[in-house]
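The values are calculated or read from the model by the stated rules, or taken from the named source; none is laboratory data. Source: prediction; values computed, not measured. A quick note on method: Cβ atoms are made from the backbone with ideal geometry, for glycine too, and the neighbour counts reach across all protein chains shown. We work out accessible area using only protein heavy atoms, side chains counted, and drop any ligands, DNA or RNA first. Shrake-Rupley method; radii C 1.70, N 1.55, O 1.52, S 1.80 Å.
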Amino acid sequence: MFDANPAASPSARVRKVEPSSFGFQPSSVPPPAGGGGDLLEISLGPHHPSTHGVFRMNVVLDGETVVRLKPVFGYLHRNHEKLGEGTSYLGSMPYTDRLDYLNSMTNNWAYAIAVEKLAGLTVPERAEYVRVILAELTRLLNHTCLAGFLMQDCGCSGTPLMYAFRERERILDLFESLSGSRMMCNYQRFGGCRVDPTPAWLAAVAQLVDRYGPFLDEFEELLTGNEIIMARTQGVGRLPAALAVNAGVTGPMLRASGVGHDLRKVDGYGVYPRLNFRVPVGDHGDVYDRYMVRVLEMRESISLLRQALAALPGGPVLDPKAKQRGLRPKAGEAYGRIEGPKGEIGFYLVSDGTANPYRYRVRPPSFVNLTVLEDLCLGHTVADAVIILGSIDIVLGEVDR
Amino acid sequence: MSLAFLALALVCVVTASAAMISRNLIHSALLLVLTWIGLAGLYLWAGADFVGFSQAIVYVGGVSMVVLFAVLLTRRQRDEPLVLIPEAGVGRVVAGLAATFWVAALLVPAMVVAPLVQRAGPGPTLTVKRIGELLAGPHLVAVLVVGVILTVSLIGALYLAAPVTAEDQPEWDNGGTGRDRGNQEEPS
Amino acid sequence: MTTTSVPSSESWLEVAPLQARDALLGLLPESLHWIASSVLAIAVLVGAFGLMFAYLTLAERKLLGRIQNRPGPNRTGWAGLLQPFADAVKALTKEDIVPRDADKVLHALAPVSLVALSLIGLAVIPFGRHLVAIELDAAVLYFFAAGAATELSIFMAGWASRNKYSLLAAMRALAQLISYEVPLLLSVVPVVLVAGTLSTTAIVAAQGGWAAGFWPHWHVLTPWGFSAFCLFMIAALAESNRSPFDLPEAESELIAGHLTEYSGFKYALFFMAEYFGMAALSAMAVTLFLGGWQAPLGWLEVLPSYVWFAAKLLALLAGFIWIRATFPRLRIDQLTRLAWKFLVPMALLNLANAAFWSLTAGWSGPLQAVRWAVSLAAVVVPFLLLSRSLFSGLGPRVYRYAPS
Amino acid sequence: MSPLHLCLLLSTVLFCIGLAAVLVRTSAILVLLGVELMLNAANLNFIAFWRYGPGGDDTGVIFVLFSIAVAAAEAAVGLALVIALHRHRRTIALKAANQLRG
């Protein structure tokens, strides 16, 4: 009666989504002009061993060459952002641990920065240094794991991965002794940190930092000069700088493409302006560059950790006046971001003056970096697609939220 | 005349007929591999070890691979459930079988009744060394010619199978990195 | 086994297997000796290599564990020594799953034929001075004829599973076989050329003795032999689908490739065949290049010949495991490029090198040094040139830092 | 029947099976396989005459070796042709190969 157009009728508007294809039908993809219909569509995932979680790639292959690639995700979606709007500001802090579950310390920090901006809180000097220490430890942790996983994707039978995980456990032990939890640290607070690190803990960090350089040397000796690794990764998955910038890619992936953009330099948050470090940049933007940029970043992190440990001042780690529970910031909005190990991790908060944020939004680096996956994979073989995905460095907790 | 010969002959005939009847090309190729293995067994039974092993290496290890590769490369759809061969028309079947029957009717009686001079007693022995001497001596020219033929035929096969024309080039292989995204300005 | 008369001049350990065989055969009537002898040879081979397979799996897991800073299996039995048997029980009791759309006959036939084909090559390997199952005039040819069909079984497994990953694996297996059969055979030809025979026992016999009293006449200790040995081992890695050439079962790309749809005992059979194939190719490498059962030094001959053979075989197998723990996997195009642009030219040049070596066998004194120098150059120069072209465009990079 | 006659009979049967495949089947690959089978049957004859013939000459075996080598080359070229046919006509049915123009 109201709708002459049948397509707009309610029954037609509720479109049935086929869960199997998610609207993507490769068989309807017209075949390439010369190659004919010899296309093979395979589904890599969601429980494929090298998708690093429940991620799925619908790949159309011509022989072994990727002709189309469609990422499918959402299997781990937990309604993170909506939950943030129903939870108090402090209540969201442990949830941020679960975003990128490798890097809970940096997630905490980015969220804390957003809330501190919103509520106008200041952070004691000692806490800033502790935050830098923890963020750089997290960077070491993340990049080490990534290198291990990437080499696993290249077909190393576990050796680099086990080496990487040995070092990861040492860092996780430090996190556990400081925060009480290995991976879900929930350590940062608005206006500082939850616990003051003891001298013994700091000594343990110094010890770890001292042995990390030799570990990296060993790791690189095993992998970096290996001809097979070079053959597998050099020239594979090239990401042009223009595409990287236009797609919003950040972090080591962007820097591997030759853009020296690092929020630690650009924003100069925390005490980074007082510390001396360099930003490694790749020239080719391929998988090898992404790997090497991360290795070089780890070496910079070691130097950053040394400087931060040496310069660590005394004093409190938490602003005693900062209100944690029942925090009600003035109405307004704030965006807090830091250079996480995977790229720009940001939190956008809108406050309406109540105890819960009106709007809570995450800018996840994994998700944004993942959007260029198809562009990187086209024309490469399926074996390359796997290592390209590995080099993007995603964590599904953050992609799906 | 032995059981081994009969068994091998049976294997050869059964697998060869099954291979030629089968509608599934992969089954055909694999059954024919069994025929080739049976023939290699027959050569061994006859005492021609070297030829038997050569037959196994070349046919089972080489030709069968090429055949299977060709079968896989020439499917219409890569995930087609079966590699089926279209049925031949009735006329073709009748004519083909009639011609075959005619040939068989000529050959089989001839083979059965032909008076052949035969050697009694154990078969000849042929060592690898002797084969080598024969190949490098009286048959040297033939070896060289076969070498040239093989090389030429392989180059020809490469030329035939390699995609050379532009229309054979797959669409995605345009030298670029795929689709564009927005304006491709250099970042400042 | 051939019933040669037992020489009396050798140590009792050397002849102990023969005496044991004769004692066993003595229990049977004379007319059954030939068949009993064959059955005994088969039983010993299958038993010995079956047990070796069991402990090779354990050794591989232990060694991989050590390399990767973890203990490896250590719960079943003392230090995990019963682990292979626990695995066997587990594999046997698991459900055998066959996909509904699979080609059932081929699916079941593939693992069985693979195991059988990878075992029969062992028949012509001389494991000791008197230990060879069949003496064949064309033994080397027999060995490769037996091995030629193994990838056919892998193809059958991949195709019959009716799984897309498996199908890709089947294609890869075919491409890999076509590429690597050529250098494998070509790397053997120099040995046949120099030894002048296709018989494995004669090839081992040709490697007996020592130059200047300490330098064994093993083929691997000559320039062309070393080159051929390396080529053979690379091709053997590819033939046995071991890392870095494990493309058909690449677990990070194709999950398990042709093994994706196999479970339970059939899966165990594939596993078994992989180790049998690896052992057979290593045994062939020992026979062709490492002097077979010959001891490295004269006074070391106090140990029986089969101990030396086993020691060399285990060393090569340990090398296989070490390589698996260290190297990443190649890509399919790199795999075929390596075969056609590096291994095949190297093997062909090496053939000429071996021909030179056998033509100059009479040179002595300073000419001997010239012979070595020429042969060495004929290996090193092509190696450098070819590997350079293979890795053109690749190499370590220098990284810059963003201006701050 | 003598062994030689049996061998010849077997090779005749194999030859006829191959011939039937060549004449009846429509798939180019199967026709090639039929040709291979006919070649094999001929090889078997050589071996049979070498084994049971009057003797003294080993040329039969040598000839079979050459034949095997040439057959391998023939298979390579033939299958390359099949692949080329498939690329141009999207089918391996022999009916499609009725034009000289690619």
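Reported count of residues in segment C:278-293, each being open to solvent by 10 Å² or more (accessible area, probe 1.4 Å) and out of contact with any Lys or Arg (no Cβ under 9 Å at 6 or more places or on another chain), is 1. Each residue in segment A:104-129 was checked for being over 24 Å from the mean Cα position of the chain (by Cα) and within 21 Å of A:LEU275 (Cα to Cα), and 5 of them qualify.
Based on what the data block shows, is D:VAL35 modelled with pLDDT of 85 or more, surrounded by fewer than 19 Cβ atoms within 10 Å (Cβ to Cβ), on the phi < 0 side of the Ramachandran plot and touching a Gly at 6+ places or on another chain (Cβ under 9 Å)?
Taking the combined requirement at face value, the residue satisfies it.
Screening A:THR87, A:THR159 for residues that are over 26 Å from A:LEU309 (Cα atoms), buried (at least 22 other Cβ atoms within 10 Å of the Cβ) and either polar (S, T, N, Q) or at pLDDT 90 or above (or both) leaves exactly one candidate, A:THR159.
Please determine, by comparing only the residues of segment A:365-401 that are among the hydroxyl-bearing types (Ser, Thr, Tyr) and part of a helix (DSSP H, G or I), which one is surrounded by the most Cβ atoms within 10 Å (Cβ to Cβ). In this case the residue turns out to be A:SER391.
Count of segment A:267-312 residues, restricted to those that are in contact (Cβ under 8 Å) with a residue 60 or more places away in the chain and out of contact with any Phe, Trp or Tyr (no Cβ under 7 Å at 6 or more places or on another chain), is 17.
Among the listed residues B:GLY147, B:GLY89, which satisfies the condition of being loosely packed, with under 13 Cβ neighbours inside 10 Å, more than 7 Å from chain D (Cβ to nearest Cβ) and at pLDDT 80 or above?
One residue alone meets the criteria, B:GLY147.
Could you check how many residues of segment B:58-68 are open to solvent by 10 Å² or more (accessible area, probe 1.4 Å) and at pLDDT 85 or above? Residues in segment B:58-68 being open to solvent by 10 Å² or more (accessible area, probe 1.4 Å) and at pLDDT 85 or above: 1 in total. Only one of the numbered conditions (1) in contact with an Asp or Glu (Cβ under 9 Å, 6 or more places away or on another chain); (2) within 7 Å of chain B (Cβ to nearest Cβ) is not met by D:VAL35, and that is (2). With respect to (1) facing chain C (nearest Cβ under 10 Å); (2) not in a helix (DSSP H, G or I), the lone exception for A:LEU296 is condition (2). Name the single residue that is farthest from B:PHE101 (Cα to Cα) among those in segment D:1-32 being more than 7 Å from chain B (Cβ to nearest Cβ) and open to solvent by less than 20 Å² (accessible area, probe 1.4 Å). The qualifying residue farthest from B:PHE101 (Cα to Cα) is D:ALA28.
I'd like the residue in segment C:227-245 that is within 14 Å of chain A (Cβ to nearest Cβ) and in a helix (DSSP H, G or I) and, out of all such residues, is nearest to the chain's Cα centre (by Cα).
Of everything passing the filter in segment C:227-245, C:LEU237 is nearest to the chain's Cα centre (by Cα).
For the condition at pLDDT below 85 and either surrounded by fewer than 18 Cβ atoms within 10 Å (Cβ to Cβ) or over 28 Å from C:ARG242 (Cβ atoms) (or both), A:GLY251 does not qualify. Of all residue pairs spaced 6 or more apart or on separate chains, those with beta-carbon atoms under 7 Å, a first member in segment C:276-292 that is assigned to a helix (DSSP H, G or I) and a second member that is of a type in the set (Lys, Arg) are C:MET278/C:ARG242; C:VAL286/C:LYS312. Within the bounds of segment A:188-202, is there any residue that is farther than 30 Å from C:PHE391 by Cβ, of a type in the set (A, V, I, L, M), open to solvent by less than 50 Å² (accessible area, probe 1.4 Å) and more than 23 Å from the chain's Cα centre (by Cα)? Yes, segment A:188-202 contains at least one residue that is farther than 30 Å from C:PHE391 by Cβ, of a type in the set (A, V, I, L, M), open to solvent by less than 50 Å² (accessible area, probe 1.4 Å) and more than 23 Å from the chain's Cα centre (by Cα). When A:ASP289, A:ASP283, A:ASP267 are checked against the criterion of being closer than 23 Å to A:PRO365 by Cβ and buried (at least 21 other Cβ atoms within 10 Å of the Cβ), A:ASP289 stands alone in meeting it.
Just one of (1) at pLDDT 85 or above; (2) open to solvent by less than 20 Å² (accessible area, probe 1.4 Å) fails for A:VAL317. It is (1). The criterion of at least 3 residues that are under 30 Å from A:VAL386 (Cα atoms) is met by the following helices (runs of 4 or more DSSP H) wholly inside segment C:330-390: C:332-337, C:366-390. Would segment C:223-236 turn up any residue that is β-branched (Val, Ile, Thr) and modelled with pLDDT of 85 or more? So far as segment C:223-236 goes, yes, one or more of its residues are β-branched (Val, Ile, Thr) and modelled with pLDDT of 85 or more. Could you please find all residues in segment A:211-248 being in a helix (DSSP H, G or I), open to solvent by 30 Å² or more (accessible area, probe 1.4 Å) and among the charged types (D, E, K, R)? If the condition is that a residue be in a helix (DSSP H, G or I), open to solvent by 30 Å² or more (accessible area, probe 1.4 Å) and among the charged types (D, E, K, R), then A:ARG211, A:ASP217, A:GLU218, A:GLU220, A:GLU221, A:GLU227 are the ones that fit.
Scanning segment B:97-117 for residues that are assigned to a loop (DSSP other than H, G, I, E, B), open to solvent by 70 Å² or more (accessible area, probe 1.4 Å) and facing chain D (nearest Cβ under 7 Å) yields a total of 1. Considering (1) more than 14 Å from every other protein chain (Cβ to nearest Cβ); (2) within 20 Å of A:LEU305 (Cα to Cα), the lone condition that A:GLU167 does not fulfil carries the number (1). Restricting the first member to segment C:32-53 and to residues that are closer than 16 Å to C:SER118 by Cα, and the second to residues that are hydroxyl-bearing (Ser, Thr, Tyr), the beta-carbon pairs closer than 9 Å and six or more apart or on different chains are C:PHE49/C:TYR275; C:MET52/C:TYR275; C:PHE53/C:TYR275.
Taking the criterion of being out of contact with any His (no Cβ under 6 Å at 6 or more places or on another chain), on the phi > 0 side of the Ramachandran plot and modelled with pLDDT of 85 or more, would at least one residue in segment A:277-286 satisfy it? Yes: one or more hits.
For segment C:355-391, residues that are within 11 Å of another protein chain (Cβ to nearest Cβ) and open to solvent by 40 Å² or more (accessible area, probe 1.4 Å) total 1.
Checking each residue in segment C:246-272 for being over 22 Å from the mean Cα position of the chain (by Cα), among the hydroxyl-bearing types (Ser, Thr, Tyr) and either open to solvent by 30 Å² or more (accessible area, probe 1.4 Å) or closer than 28 Å to A:ARG232 by Cβ (or both) picks out C:SER252, C:THR260, C:TYR262.
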